[in-house]
Amino acid sequence: MWRHKLADLEQTALAAIQAAATPDALEKVRVEILGRKGSLAAVSREMGKIPPEERAAVGKRLNAVKDAVESALEAKQTQFARAALNARLDAEWVDLTLPSPGAPAGSLHPVTQIQSEIEDLFESMGFVVLDGPEVETEYYNFDALNIPPDHPARDMQDTFWMKDGNLLRTHTSPVQVRGMERLGPPLRMIAPGRVFRNESVDASHEHTFYQLEGMMVDREVSVAHLLYFMKTLLQGIFHREVAVRLRPGFFPFVEPGFELDIQCLICGGKGCPVCKQSGWVELLPCGLVHPNVLRFGGIDPDQWNGFAFGLGLTRLVMMRYGIDDIRLLQGGDLRFLKQF
Ligand code: PHE
């Protein structure tokens, strides 16, 4: 009779443990069986009613049931714990063998890229790269370039004037004079940099853009030398034949002066907003250095002469990549910049 009852109890308990679907349900089952008011405790309390000669055997059997229930509980708890751990591992799983996406890297601005290419090209031909201030004096920006105070050329370049009488340089040509003063003849220099003009902004005009000035001073420099270097420059940049034309151009600091135009690479010469429908783009104003400018630079024009050019770097970048709006270059739009 006791044997029977205990076997029943064991069977029900083990079945309930097996059936528990969650840790909470299992804990409830545990309390129902092993708790102070649980079914095993109830049996223990009735031990007194058992005839003394059977007590030892029943006690032994009771302990065996208790052990069986406890190990079943433990097994089930372990099973739940393992399942929880597996779920967490699945959720947190990382494939350490996957290649890393790498740190996000920026890129050089297209103007910077083309600038360093041209620097490399000219350095390979013996030119030095010079820097000049963006806030210039009237002297270096105008006077020393043979542009007298009342000269109409000052109106050609709408200038941002500072309150103290200095100005934002309107071109990189002031570095010519600084270069001559600093290095003397013979001289081969380029000077890339930012220039500023008080202009209304549209697809082909910016108040801030980049030029690259070049100057060579030596004995008996001619237009042929100038053309040689300009052709080498264009070939180095475009890696192909680019149609060019030379027009007379007026700049007080050169004599003779030229405008070197290239055929518009955006429309192929058909006409577009960048070339103002003309099919040609002014890219390289240039000429032989005016004797007065050499004098301002401390160089004797009877002994030396030279050529100079002022390359529109910003425009060059637009031609090279087919960019039809100059405002994109300084707009800071990452969708634009990430393409380079
Ligand atoms: N400084 C001139 C400009 O900005 C360009 C130029 C440079 C022309 C050198 C001739 C020689 O327009």
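Here are the numbers for this structure:
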quantity	calculated
Loop-located trypsin sites (Lys or Arg not before Pro) in the stretch 217-305 whose Cβ has at most 14 other Cβ within 10 Å (DSSP)	Arg219, Arg240, Lys270, Lys276
Under Karplus coefficients 6.51, -1.76 and 1.60, residue-wise ³J(HN,Hα) of the stretch 78-93 in Hz, glycine/proline x	4, 4, 4, 4, 5, 4, 5, 4, 4, 4, 5, 4, 4, 5, 9, 5
The stretch 110-337 - accessible surface per residue (Å², probe 1.4 Å)	45
Low-density loop positions, trypsin sites (Lys or Arg not before Pro), the stretch 1-81 - DSSP coil, at most 13 other Cβ in 10 Å	Arg36, Lys37
Cα centroid separation, the stretch 56-111 to the stretch 166-198 (Å)	71
Across the chain: Cys residues that no other cysteine approaches within a C-beta distance under 4.7 Å	Cys286
Within the accessible area of the chain (1.4 Å probe), percent carbon and sulfur	53
Cleavage-rule hits (trypsin sites (Lys or Arg not before Pro)) in the stretch 162-211: DSSP loop, at most 13 neighbouring Cβ within 10 angstrom	Lys163
Local electrostatic count at Glu54 - Lys and Arg +1, Asp and Glu -1, tallied over other residues with Cβ under 13 Å	+4
Approximate spin-label separation Ala203-Gln263, in nm, with each point projected 7 Å along Cα-to-Cβ	2.1
Exposure rule at most 16 other beta-carbon atoms within 10 Å, DSSP loop GluC sites (Glu not before Pro): the chain longest free segment	1-133
nm² value of the averaged projected area, convex hull over the Cα atoms of the stretch 277-340	6.9
Restraint check, Lys28/Lys49; Lys5/Lys66; Lys231/Lys270; Lys37/Lys60, Cα-Cα greater than 18 Å	Lys28/Lys49; Lys231/Lys270; Lys37/Lys60
Whole-Hz ³J(HN,Hα) from phi, Karplus 6.51 cos²θ - 1.76 cosθ + 1.60, for the stretch 230-239, glycine and proline x	5, 5, 4, 4, 5, 5, x, 8, 9, 6
Charge-dipole axis of the chain as Lys and Arg at +1 and Asp and Glu at -1 on Cβ define it, positive-most pick from Ala57, Phe253, Gly179	Ala57
Relative contact order (%) - the stretch 117-234, alpha-carbon pairs under 8 angstrom, separation at least six	26
Antiparallel %, DSSP beta bridges [both residues in the chain], to 5	95
Amide hydrogen neighbours beyond the local backbone of Gly249, cut-off 5 Å, H modeled	Gly257, Phe258, Glu259
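The values are calculated or read from the model by the stated rules, or taken from the named source; none is laboratory data. In this text, all values refer to a predicted model and were calculated from it rather than measured experimentally. FYI the Cβ positions are ideal-geometry reconstructions off the backbone, even for glycines, and counts take in every protein chain you see. Just the protein is used for accessible areas: all its heavy atoms, side chains included, with ligands, DNA and RNA removed. Shrake-Rupley method; radii C 1.70, N 1.55, O 1.52, S 1.80 Å.
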